[in-house]
Amino acid sequence: MQRILVTGGAGFIGCNFVHYIMEHTRLHVTVLDKLTYAGNLGSLAGLPPERYDFVKGDICDASLVDQLVAATDAVVHFAAESHNDNSLQEPRPFVDTNLVGTFTLIEAARKHGTRFHHVSTDEVYGDLALDDPARFTEESVYRPTSPYSATKAGSDMLVRAWVRSFGLQATISNCSNNYGPFQHVEKFIPRQITNVLDGARPRLYGNGLNVRDWIHVEDHSSAVAAILRNGRIGETYLIGADGERSNREVVEKILVRMGQPVESYDLVTDRPGHDVRYAIDSTKLRRELGWSPRYGDFDAGLADTVRWYQENEDWWRPQKADTESNYAKQGH
Ligand code: NAD
Ligand code: TDX
């Protein structure tokens, strides 16, 4: 394998993956990204031109996708509409990009016999009760609850069907909540950090007791790279780093880290249908591919992330006002 096509490479996880590949391999990377509100070319600044191309375009554009897939050895598919709150306001782009876009890509990969890795989420499995000892595994039943997770679940099903019916050379990964540098300020952790930097109070939905299973984005990248290299075709791998924390606990850690009183947050209108808890059992990935996370210590990863937002205001400032005005309309 010499060349890979990374869709959504100007987004949060995609750009971190591109940086990871540049550092740890000799592969050439072509990024295909539509540069929606969530895409940022600044996240890819400074990459070596002899190993990297950027193509601005839509994964639903069949002729562009066909041309790019024909010229690559593998596709790593991150592009998506990714924010649950947006999917509750305007679901249409989620259906277009997450379903039709994935369909367009796998049709091209099937035609050209191209290796395909599909990046998905633990949200396809719905949620768990706070007191349930269970965690999601590769055998868990699909029970998506939001327009976002329903379209991601549908995209996983398309990939599985293309593997079985057409012999598509694909793998799938379902990862838990990511944090780290270059994450849009609409998402939970960067929103709260940048609120504090702006002198505003963090905002917790509902009672703040919902639980997410946090993983540093660099650990997600190393897992996807391992699956691309050694994953078995047709298999699904769950990616997680045993990082379960309540939202309240995370906000309190951010406040303490940033020198604020631990209780200086507000409880705001809950998200409709808000998933209670996600939890990943990543035993299969660890056993089969020998993967393990580097950021075992959530507090250290969070401290690095706080520092990144403190030092990179030029990157996030342009997103902040629009994001907060959208949230204000939703009562969040
Ligand atoms: P993001 O919203 O930060 O980035 C998405 C990128 O896709 C943006 O650069 C955007 O411009 C691009 N894009 C959107 N529509 C496009 C289209 N039609 N054609 C081409 N490009 C398009 O998202 P993210 O958080 O980096 O998530 C990346 C992937 O990882 C998604 O598939 C998401 O479902 C999955 N995932 C995310 C998380 C998480 O915690 N953020 C966890 C598990 C899985
Ligand atoms: O201001 C906030 N206050 C708050 O309490 C925001 C923005 C969120 N929340 C809560 C909602 C969730 O319980 O924090 C938790 C995390 O919220 P998000 O960052 O919106 O993430 P989530 O809905 O869990 O989905 C994320 O993880 C799985 C990603 O956005 C998805 O793309 C991924 O698939």
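Things to note:
- Considering segment 154-168, the residues that are open to solvent by 10 Å² or more (accessible area, probe 1.4 Å) and either in a loop (DSSP other than H, G, I, E, B) or of a type in the set (A, V, I, L, M) (or both) include one that is farthest from Ala109 (Cα to Cα), namely Met157.
- Taking the criterion of being aliphatic (A, V, I, L, M) and part of a strand (DSSP E or B), the only residue of segment 117-138 that qualifies is Val119.
- Criterion (out of contact with any helix residue (DSSP H, G or I) (no Cβ under 9 Å at 6 or more places or on another chain), under 17 Å from Tyr237 (Cα atoms) and at pLDDT 95 or above) met by exactly one of Arg160, Arg115: Arg160
- On the stretch given as segment 236-278, residues that are of a type in the set (Asp, Glu) and closer than 20 Å to Tyr179 by Cβ total 5.
- Number of the condition not met by Thr171 [criteria: (1) open to solvent by 30 Å² or more (accessible area, probe 1.4 Å); (2) among the polar types (S, T, N, Q); (3) more than 13 Å from ligand 2 (Cβ to nearest atom)]: (1)
- Yes/no for Val124 being of a type in the set (Val, Ile, Thr), open to solvent by less than 10 Å² (accessible area, probe 1.4 Å), within 11 Å of ligand 2 (Cβ to nearest atom) and under 30 Å from Gln310 (Cα atoms): no
- Residue check, Ala223 open to solvent by 10 Å² or more (accessible area, probe 1.4 Å) and not aromatic (Phe, Trp, Tyr): no
- Residue in segment 9-20 that is open to solvent by 10 Å² or more (accessible area, probe 1.4 Å) and more than 9 Å from ligand 1 (Cβ to nearest atom) present: yes
- Residues of segment 252-263 that turn out to be open to solvent by 60 Å² or more (accessible area, probe 1.4 Å) and not in a helix (DSSP H, G or I), as a count: 5
Per-residue answers, yes or no, for (1) under 21 Å from Gly208 (Cα atoms); (2) of a type outside the set (Val, Ile, Thr); (3) open to solvent by less than 80 Å² (accessible area, probe 1.4 Å):
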{"site": "Thr236", "(1), (2), (3)": "no, no, yes"}
{"site": "Asn247", "(1), (2), (3)": "yes, yes, yes"}
{"site": "Tyr265", "(1), (2), (3)": "yes, yes, yes"}
{"site": "Pro293", "(1), (2), (3)": "no, yes, yes"}
{"site": "Asp314", "(1), (2), (3)": "no, yes, no"}
{"site": "Ser325", "(1), (2), (3)": "no, yes, yes"}
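- Arg110 vs. criteria over 25 Å from Tyr20 (Cβ atoms) and away from ligand 2 (no atom under 16 Å from the Cβ): yes
- All positions within segment 265-288 that are under 21 Å from the mean Cα position of the chain (by Cα) and either free of Cβ contacts under 8 Å to residues at least 40 places away in the same chain or over 25 Å from Leu128 (Cα atoms) (or both): Arg286
- Phe136 of a type in the set (Phe, Trp, Tyr), under 30 Å from Thr283 (Cα atoms) and either within 16 Å of ligand 2 (Cβ to nearest atom) or open to solvent by 20 Å² or more (accessible area, probe 1.4 Å) (or both): yes
- Within segment 70-81, the presence of at least one residue that is over 20 Å from the mean Cα position of the chain (by Cα) and without any contact (Cβ under 8 Å) to a residue 60 or more places away in the chain is confirmed.
The values are calculated or read from the model by the stated rules, or taken from the named source; none is laboratory data. Please read these numbers as outputs of a predicted model, since none were measured by experiment. FYI the Cβ positions are ideal-geometry reconstructions off the backbone, even for glycines, and counts take in every protein chain you see. Only protein heavy atoms, including side chains, enter the accessible area calculation; ligands, DNA and RNA are left aside. Shrake-Rupley method; radii C 1.70, N 1.55, O 1.52, S 1.80 Å.
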